[in-house]
Amino acid sequence: MSGTVLGLETSCDETAAAVVRDGTDICSSVVSSQVDLHAAYGGVVPELAGRAHLDLVLPVVAEALARAEVGAGDLDAVAATVGPGLIGSLLVGTSAAKALALGWDLPYVAVNHLEGHLFAAVLDHPDPPWPLVVLLVSGGHTMLVSMEGPGRYRLLGSTLDDAAGEAFDKVARFLGLGYPGGPAIEKAAESGDREAFAFPRAMLEEGLDLSFSGVKTAVVHAVRKRPEATDEDVAASFQAAVVDVLVTKAARAASRVGAGGMCLAGGVAANGALRRAFEAAASELGLPAFLPSRAMCTDNAAMIAAAGWWQLEHIGPSPLDTAADPGLRLPLLD
Ligand code: KG4
Ligand code: ZN
């Protein structure tokens, strides 16, 4: 069946809406970032994020519909991120989506944000060689997932403490490089020496779980010990340590499950050094690497509309009393 879905994403600090046809054809994808609003505080302020979503959500929806040149009558469903995320932010997006669905007499679909990131990873590849090992690295999550198909996920490993993106953000804040930290570290690292510091690679030799709190603490100690060190060298060495661990674990996971391909997903997947090392590791294993565009790595609503369309077709619409869930987990196979 064919259909057009309006997706809304408001789980953190991006207000996003998108129109996607048949689960893969992106007609429009509008992302309004609140970076300027939160930058002065060095991170996302949940209360401010919720209020900003409230101001932005309907204009962003209007823009997404206008850019796609569709009206309510052309839509077949409205999907929104139901969790995980900040409760106030989730409430704005889900309430808006439910109201629009009710007003336009369309089905409502409550989408898991993490599942959205997984759909973004395969958006350009409708029939990939399953299973795929997906390295999902964002500000709130870091996990290795074996994706056997849409809706069929097995968790292979995850971080025991900080998410990779959180480590980027915290190190950037410590160095005074600003927020969001990932892009700031990547930029500083470009002119730094990745071998200036030998930062720890936690649990590199075995297993599929990860840990990033040690490398973050090591950065703080190293800078206190060598205050003359440049931000560029620290950033480059930190980024190299994180990328090394992520790529080693992803390659190990791919070998272990006999994956048909390797995918990147989540905001940290926008990082150029990670993308290059990930592609090289996949090619060494003789596997295809599926890397979404940078815009599809960071939070967006196209991935929510894509996941929403699949969900509507295979599971059905969500009741309008589905509650936003800040701690929602990825649904896993037994
Ligand atoms: O997926 P995402 O947009 O939001 C969450 O679901 O968390 O990921 C945001 C995270 C932030 O921690 C941000 O610093 C990181 O992704 N990030 C990056 C880059 N761009 C965004 N990390 C490293 N390098 C980047 N270029
Ligand atoms: Zn995300």
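We did not get these values from a lab; they are worked out from the coordinates using the rules stated. Quick caveat: nothing in here was measured; it's all calculated off a predicted structure. Don't worry about glycine lacking a Cβ; one is built from the backbone with ideal geometry, like all the others, and counts go over all protein chains shown.
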Mind putting a number on the dipole of segment 1-58 about its Cα centre? Charges go on the C-beta only, +1 for Lys and Arg and -1 for Asp and Glu, and I need it in Debye to the nearest 20.
80
Could you work out the per residue convex hull volume over the alpha carbons of segment 189-269, in cubic angstrom?
102
Over segment 127-291, one equal point on each Cα, no solvent: what is log10 I(q)/I(0) by the Debye formula at q = 0.19 Å⁻¹?
-1.13
What length, rounded to one decimal in nm, is gained on full extension from Ser95 through to Glu148, with 0.36 nm per residue of separation minus their alpha-carbon distance?
15.9 nm
Nearest 10 degrees, 0 to 90: helix 272-284 Cα axis against the chain principal axis:
90
Excluding the sites themselves, what is the longest stretch of the chain that contains no GluC sites (Glu not before Pro) in a DSSP loop with at most 14 other C-beta atoms within 10 Å?
70-194
Quick one: angle between helix 164-175 and the longest Cα principal axis of the chain, in degrees between 0 and 90, rounded to 10, please.
60
What is the spin-label model distance, in nm, from Glu228 to Arg256 if the labels are put 7 Å beyond Cα along the C-beta direction?
4.4
Write down the radius of gyration of the chain and its Dmax, each obtained from C-alpha positions, in Å.
19.7, 63
Going Cα to Cα from Lys216, which aspartates and glutamates come in below 19 Å? Please leave out same-chain ones fewer than 8 positions away.
Asp161, Asp162, Glu166, Asp169, Glu186, Asp193, Glu195, Glu228, Asp231, Glu232, Asp233, Asp244
Förster-model FRET efficiency, 25 Å R0, Glu63 and Ala280, C-beta, rounded to 0.05:
0.05
Nearest 500 deg cm²/dmol is fine: what mean residue ellipticity at 222 nm does the chain get from its DSSP H runs of n ≥ 4 alone, each adding -39,500 (n - 2.57), divided by its residue count?
-14000 deg cm²/dmol
Using Cα atoms only, what is the angle between the long axis of helix 213-225 and the major principal axis of the chain, expressed in degrees (0 to 90) to the nearest 10?
40
Along the principal axes of its C-alpha atoms, what lengths does segment 75-215 span, in descending order and rounded to whole Å?
60, 37, 26
So what J values fall out for segment 310-326 if you push phi through Karplus, 6.51 cos²θ - 1.76 cosθ + 1.60 with θ = phi - 60°, rounded to Hz, Gly and Pro as x?
4, 4, 4, 6, 9, 10, x, x, 9, x, 5, 9, 4, 8, 4, 9, x
